[in-house]
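The values are calculated or read from the model by the stated rules, or taken from the named source; none is laboratory data. Note that the coordinates shown come from a computational prediction; the quantities given were computed from them, not determined experimentally. In this analysis, Cβ positions are derived from the backbone assuming ideal geometry, glycine residues included, and neighbour counts consider all displayed protein chains. For the accessible areas, the whole protein counts, side chains as well, though only heavy atoms, and no ligand, DNA or RNA atoms are used. Shrake-Rupley method; radii C 1.70, N 1.55, O 1.52, S 1.80 Å.
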Amino acid sequence: MKVLVTGGAGYIGTHLCVELLENGYEIVVIDNFSTSTLEGLRRVREITGKSFHVYYVNLLDKKNLKKVFSLHQIDSVIHLAGYKSVRESTSDPMKYYRNNIEGTMTLCEVMQEFNVTSLVFSSSATVYAPVEKYEAISEKHPLGPTNPYGHTKRLIEEMLRDIFDSNTDWCIRILRYFNPVGAHKSGLIGENPKGIPANLFPYLSKVVVGKLPALFIYGDDYPTPDGTGIRDYIHVTDLAKGHLYALHNLSSSSGVNVYNLGTGKGYSVFEMLREFESVTGKIIPYLIAPRRKGDVAFSFADVSKAKEELGWEATRGIDSMCHDAWKWQRNNPNGYELTRIKPLKKEVMSYDWL
Ligand code: UFG
């Protein structure tokens, strides 16, 4: 089976490509490399020993997207491409609406034109309205994102439902990620944020290796046992595997099905900090800072639907999340930075040599 992965060069994309290749799928990757590098994909090749096609294509560029579909007989698409910074989305919402929504529209138009109607879409737990009570969030929880990034994910979910209503051949699985963290066990691929990381794990990793002086804990006065925010962290390899289960499930029925991908367990910032300290053997300096705007006290998934219908569940605990994040950071203190390969041209470009 040939799977097109949009945004395959990114953090989740590279881990997904490894899982797909190791499970016998042929893959074609497209990416605009705006927040990723070719080096991550070169390392996917190194881990798996398998070759694949990579195209430098922007999803808004319909002409070149069609070229990719005419060059390959695609069976299914896993659509990860999109901007994902909550902070940036509040300062430049139009960039998010244009890229995430129009990009997905263009992709779906081209898919329909080429009779490819199997799609796994990467959504986010950020589509849910903030929880009031300390309880797991099921797929039935009311929606109500609180930032433009979340709005784009919600709108895309709605758009996909409308597309299915217009043509019931479509088989669509929507995956709502909780907090993906960690790295591949090889330490070769991992999260590679530009500049100062906004998220807890990459920030903690940089403090541990001495690239940043201390962690700022955003609020210790939340209504949680230790006062810090609680999240459902999921190892990126477990998350990547979840996509393969969703892909497999596409053949069971047409329609639009939504699944949470998380572990079902919540951990506080302090708990993660202590776990990082125990895995690395280092003391992590921290300061208590005011709450970050838009943060909620707790968020963790009800994962029973994915378990029952997809047969998938996360198996890696916070120890392996911290261990693998640390291994990646220690082996690559500058991420992919030193080995960055820049695409040279703006039109469709194939990196078949991979
Ligand atoms: N935190 C800190 N200090 C930091 C960074 C984070 O204390 O430097 C805290 C936050 O306040 C929060 C927790 O660590 O309590 C996790 O924060 P992250 O930024 O790692 O993750 P978020 O839950 O805020 O957001 C993530 C993704 C979003 C996605 C959301 C889905 O970044 O893209 O999960 O629930 F939408």
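Details
- Sulfur and carbon atoms: percent of accessible area, the chain [1.4 Å]: 50 percent
- Within the range 193-271, the trypsin sites (Lys or Arg not before Pro) that combine a DSSP coil assignment with at most 15 other C-beta atoms in a 10 angstrom radius are K194, K211.
- Using the 1.4 Å probe convention, the accessible area of the chain works out to 44 Å² per residue with neighbouring protein chains retained.
- Calculated SAXS-style log₁₀ I(q)/I(0) at q = 0.24, 0.25, 0.27 Å⁻¹ - the range 33-104, Debye, Cα scatterers: -1.22, -1.25, -1.29
- Computed label-point distance, nm, for sites A198 and S34 using a 7 Å Cα→Cβ extension: 1.3 nm
- Measuring nothing but how far apart in sequence close Cα pairs (under 8 Å, 6+ apart) lie, relative to its length, the chain scores a relative contact order of 22 percent.
- Computed label-point distance, nm, for sites Q112 and H248 using a 7 Å Cα→Cβ extension: 3.1 nm
- Scoring 13-19, 78-84, 268-274 by mean Cβ neighbours within 10 Å over their residues and listing the highest first yields 13-19, 78-84, 268-274.
- Protein-only accessible surface order, largest first, of R330, R45 at 1.4 Å: R330, R45
- Cα extents of the range 2-331 along the three principal axes, largest first (Å): 54, 43, 39
- Fraction of antiparallel bridges per DSSP, the chain only, in percent to nearest 5: 10 percent
- Per-residue surface analysis assigns S34 an accessible area of about 40 Å², computed on protein heavy atoms at 1.4 Å probe radius.
- Fraction in percent of alpha-carbon pairs per bin - 5 Å, the range 133-251: 2, 8, 12, 16, 20, 16, 12, 8, 4, 2, 0
- Each Cα pair under 8 Å and six or more residues apart adds its sequence gap; the mean of these over the residue count of the range 169-283 is a relative contact order of 41 percent.
- Protection proxy ranking, peptides 247-258, 167-178, average beta carbon neighbours within 10 Å, highest first: 167-178, 247-258
- Lys, Arg +1 and Asp, Glu -1 on Cβ, resulting dipole of the range 2-331 about Cα centre, debye, nearest 20: 880 debye
- Considering only Y134, G144, Y245, the residue lying farthest towards the positive end of the dipole of the range 123-273 is Y245, judged by Cα position with unit charges set on Cβ.
- Secondary-structure-derived ellipticity at 222 nm for the chain, considering helices only, amounts to -10500 deg cm²/dmol, per-run term -39500 (n - 2.57) for DSSP H runs with n ≥ 4.
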